[in-house]
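Every read-out reported here was derived from the displayed coordinates using simple, explicitly stated rules and does not represent laboratory data. Bear in mind the structure is a predicted one, so any value in this text is a computation, not a measurement. Here the Cβ positions follow ideal geometry from the backbone for every residue, glycine too, while neighbour counts run over all protein chains shown.
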Amino acid sequence: MRTLRPFALVQGGDAWSRAAHDGTFLELETGTVELAWTLPADAEAPAGPPPAPGGLAFDAECRLYRADPARGVVERIRWEPGRASGLPDPVELFEPEPVSPLGEFAPVDTGRGPLRRPVGVAVDQDDRLYVAEADAGRILVFDLWSRRLLRVARTGPGTRPLDLAAHGREVVAVVRGIPGLVKLTAREGPEPLDVPPEVISPDRVAVSPSGAVAVILGAGTEGAMVLPLARPRDVFAVPRATDLEWESDDVLAVARFPGEPFQRFRVAPGSVERQQPLVARGYDGLGIVRTPEGRIGYHSDRGFRTAALARVVYGREGTVTTFRLDAGEYQTQWGRVFLDACIPAGTSLRVHCVTSDESFDEPALLRSPAGNLVKATVPRPDLSPPMPPLSLLPDAPEWLPLHRRESGRELAWTPPEAGDPFVTYEAPVMAGPGRFLWVSLRLCGTRHASPRVRSLRVESPGHDLLRRLPKTFSREEADASFLRRYLAIFDGLAHELESRAANRDMLLDPHGTPPDMLPWLASFLGLALDDRWPEHARRTLVAEAAWLFRFRGTVPGLKRFLEIYLGEPVTLLEQFRLRGMGGALLGDRGPTVSRAVLGAGFRVGGTVGEPGESPLAGTAEDAFRTHAHRFAVLVRGSLTQEQLDVVQHVLDVHRPAHTVVEICPLGAGMRVGRRLHLGISSAIGRTGGFATVQLGAAALGRGTIVGRPEPGTTPGAARLGSGSRVG
């Protein structure tokens with residue numbers, strides 16, 4: 001068997017960033033290369049002062065809170081993903097204080113709310129709403145569940161808060177005046193926040209999901225700057241920036257004046273990369289927010305909306321040249337180039353290759369042992385030259401077209417992912433032998449479409465079939481080049497079959513075999529896979545089939561079988577374990593009584609709600625009939641009808657034939673009295689059965705809860721413990 005050929009690989013944002021880009025753009029997060037783009041020409045900057053700042057924030061129940069400084073109110077708006085119309089009207093949270101008339105004089109209705117210019121809102125993880133009142137110089141902390149004001153935090157004499165941003169239980173506030181940035185919680189603060197000396201008079205603030213803080217300096221002016229606190233040297237200019245919000249841990253969206261697109265930047269250590277902007281139609285200028293689904297939202301005259309990616313204008317042509325690829329041996333004849341690319345209609349992608357045996361390392365001045373400076377060539381293993389010397393580049397390179405592979409990727413046993421727009425293309429390396437290779441790609445597109453490249457692989461070395469033919473067929477270079485490309489067709493098929501044969505052990509790995517081969521692999525173990533199972537569950541089932549067959553019909557075996565499918569722990573409760581717990585007892589010795597009591601107000605055994613002893617009727621035959629060979633499966637959360645059918649099928653096939661089983665989903669939670677036994681059939685913690693009730697989206701009763709348990713103690717109704725708080 002021939003040795004399988006290795007290949008050189010260029011994949012990922014780090015690898016493509018070492019390439020030479022001319023008219024192309026690199027998306028670092030996905031590691032894809034496309035044509036460089038520009039924005040349509042911006043309209044003239046809006047005249048007049050910048051819009052008055054406001055604020056937007058979401059709570060844990062996806063309710064939106066909007067501060068309107070002109071009206072002096074904070075509104076609560078019900079929001080649903082993908083729905084922008086037909087929602088209930090906003091509700092004002094703070095009611096104005098009643099003012100009694102003085103004699104015949106009545107107060108003048110100013111049309112303003114009870115708040116004095118609210119310019120920022122934030123909601124922490126405990127659903128406490130923070131409101132920054134600029135004219136009052138204070139921050140209100142409002143509990144959304146009990147609907148009461150918890151505290152009023154003063155920012156200091158001569159200061160006024162401008163913006164708020166929450167992270168966990170802490171809130172960062174921008175304060176006009178010293179110290180500029182403060183942090184507070186629902187019960188403590190505000191306290192000054194340590195900031196770099198570059199942060200002078202910030203105007204707006206945003207905190208990423210991981211806790212990174214960024215501020216705007218000089219908001220609304222042509223010289224507005226955005227500064228990340230963790231890396232103050234990465235400050236960058238965004239003219240007319242008015243608000244900012246983290247779209248993710250490293251992507252920052254910056255809003256400007258109404259009518260202007262939102263700018264987006266990828267903030268990385270030492271670099272700030274501009275991303276495709278967002279279009280915000282009808283933006284009112286009162287601020288932006290990150291929605292629960294991870295998009296950037298804003299408020300308009302038509303209600304709350306989410307921004308969309310702007311339609312950019314791509315360049316017509318661009319090239320990208322890889323760094324130096326090293327085959328490891330001189331005079332290497334390179335094989336084929338494989339590209340994972342997406343080429344829309346109307347666009348094209350071509351390739352050109354250059355080879356050389358010279359490394360072209362850059363000369364450097366080194367100090368000899370005698371102390372003299374000498375000129376020497378220093379190898380650069382980490383940063384190889386991204387471009388070959390100009391002497392190797394032809395004036396008019398021949399750009400070869402690519403062939404789309406009908407059989408998919410050339411890598412063994414790697415089927416394409418469902419819905420992946422990237423497919424594999426190939427082309428021969430049209431260059432002479434050489435140890436080093438540079439691959440240039442030319443991307444051609446339209447104004448609104450561009451080809452995209454994700455990965456590049458090159459065989460090194462190529463096939464050696466030409467050496468097996470008589471020399472007379474390859475004396476001329478033109479004949480040798482044709483034969484080399486022609487034989488590559490047959491060698492490619494043979495090499496791929498050989499790769500599949502050499503890597504056929506992958507088919508026996510349940511976690512590595514292609515999805516289509518899972519039923520074949522399961523048949524070796526006598527398993528018939530159910531298509532209703534998720535793919536990861538089927539792979540785990542095949543991997544643990546030997547152990548499951550060894551414990552088939554036992555409690556551990558059934559538990560593991562169901563846990564593989566459901567993805568969460570289950571409890572198998574055998575009825576004989578409940579003898580003496582309020583049911584029939586073995587033995588026929590007359591009436592039996594039970595008076596077991598656990599805690600205050602909870603009784604195990606006997607009649608619930610009646611004090612004293614209660615007889616437990618029944619004979620030994622009754623106990624055998626109701627307890628022997630019976631068990632129940634307790635599943636945390638709720639089950640769909642399909643899941644219930646699958647669980648029932650598993651139990652019918654793998655439980656002992658003489659047993660009777662009952663499936664009990666605990667989606668409704670624990671019920672005191674029936675089927676609840678502490679330590680056996682009880683589970684403390686969150687399940688999938690309860691959800692917070694929402695008006696218009698839930699029905700009161702089963703499966704929903706109203707309100708939230710209030711921490712603390714109530715005299716006569718609670719006991720001191722881990723869930724109580726005094727003070």
With θ set to phi - 60°, apply the Karplus curve 6.51 cos²θ - 1.76 cosθ + 1.60 along region 400-410 and write out the HN-Hα couplings as whole Hz, x wherever there is a Gly or Pro. 8, x, 10, 10, 7, 7, 6, 8, x, 5, 7
Applying a 10 Å radius around every beta-carbon, put 466-477, 440-451, 338-349 in order of their mean neighbour count, most first. 440-451, 338-349, 466-477
Under the Karplus curve 6.51 cos²θ - 1.76 cosθ + 1.60, θ = phi - 60°, whole-Hz ³J(HN,Hα) for region 216-232, x wherever Gly or Pro sits: 10, 10, x, 4, x, 10, 5, x, 4, 10, 10, 10, x, 5, 5, 9, x
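So, by mean Cβ neighbours within 10 angstrom, what's the order for 64-71, 430-437, 652-659, 541-548 with the highest one leading? Display every interim value, and only then the final one.
Numbers: 64-71: 21.0, 430-437: 19.0, 652-659: 12.0, 541-548: 16.1.
Result, highest mean first: 64-71, 430-437, 541-548, 652-659.
Over region 265-346, what lengths in whole Å, largest first, do the semi-axes of the equivalent ellipsoid take, defined as the square roots of 5 times the eigenvalues of the alpha-carbon gyration tensor? Provide the component values of the computation, followed by the final result.
Working: eigenvalues 382, 58, 29 Å².
The three semi-axes for region 265-346 are 44, 17, 12 Å.
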Using 5 Å bins from zero, what percent of all Cα-Cα pairs in region 138-217 falls into each bin? 3, 15, 27, 25, 18, 9, 3, 1, 0
Using only the alpha carbons of region 153-198, determine the length spanned along each of the three principal axes and report them from longest to shortest in whole angstroms. 25, 23, 15
Which order do the peptides 209-222, 635-648, 176-189 take when ranked by the mean count of other beta-carbon atoms within 10 Å per residue, highest first? 209-222, 176-189, 635-648
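With charges set only on the Cβ (+1 for Lys and Arg, -1 for Asp and Glu), what does the dipole of region 218-325 come to about its Cα centre, in debye to the nearest 20? Let's see the in-between values first.
Numbers: 15 positive and 13 negative charges, 59 e Å.
Dipole size: approximately 280 debye.
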All-pairs alpha carbon distance profile, region 192-258, 10 Å steps from 0, percent: 23, 58, 19, 0
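Taking every pair of Cα atoms in region 224-273, average 1/r, invert it to obtain the Kirkwood radius, and report Rg/Rh to two decimals.
Details: Rg = 10.5 Å, Rh = 11.1 Å.
Rounded to two decimals, Rg over Rh is 0.95.
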With eigenvalues of the C-alpha gyration tensor scaled by 5 and rooted, region 199-307, Å: 21, 16, 12
Ellipsoid semi-axes in whole angstrom, largest first, where each is sqrt(5λ) of the Cα gyration tensor of region 181-229: 22, 12, 10
Given backbone amide H placed at 1.01 Å from N, residues whose amide H is under 5 Å from that of ARG630, ignoring those fewer than 5 places away on the same chain, are GLN575, PHE576, VAL660
